[in-house]
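J.: Questions regarding the structure given below will be posed in turn.
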Amino acid sequence: MESLRLQMELGRTVLKGKRILIVEDEPLIAFDLEAAIKAQDGAVVGPAHSLADAMQLAENEDLQGAILDVRLQDCLATSVLECLKRRGIPCVVHTGQADPALLDTWSYYPMINKPALPEVVLAALDDEMSRSAPR
């Protein structure tokens, strides 16, 4: 989070020009994440509130990153995580209902427990995108 805060203080926008998918079924959280991404001059794809919408966007959109709530209404969005992994898209799982089996299965993506400030989620995404960037 320190790197994001420092870059913001220096006037740099970490997500500038990056297309970030938001998969979140809670409207207020989706709104906060969207506002934070736009404040960094990023472009929001979504937000997707359902599994069908999330899959359509994850499969077809040009994305540089994603923030995903793994529990959407009454289903798990693991198929979206699989799609993002297959496409090599950096992702942060932002959830309030993480169970140990889920943590083990998807441990290659950072998991941020709700509630969390949008800045914390974006910092985790920035770190993940930096690790995934070609060197």
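J.: List the residues, sorted by chain then number, that are 5 or more residues from VAL70 or on another chain and whose placed amide H is less than 5 Å from its amide H.
T.: HIS94
J.: Follow-up. Run the quick spin-label model on LYS38 and LYS85: label points 7 Å from Cα toward the beta carbon, then report their separation in nm to one decimal.
T.: With each label point 7 Å from Cα toward Cβ, the separation is 3.3 nm.
Rule-based calculations on the coordinates, nothing more; no lab input. Note that the coordinates shown come from a computational prediction; the quantities given were computed from them, not determined experimentally. Methodologically, a virtual Cβ is constructed for each residue, glycine included, from the backbone with ideal geometry; neighbour enumeration extends over all protein chains shown.
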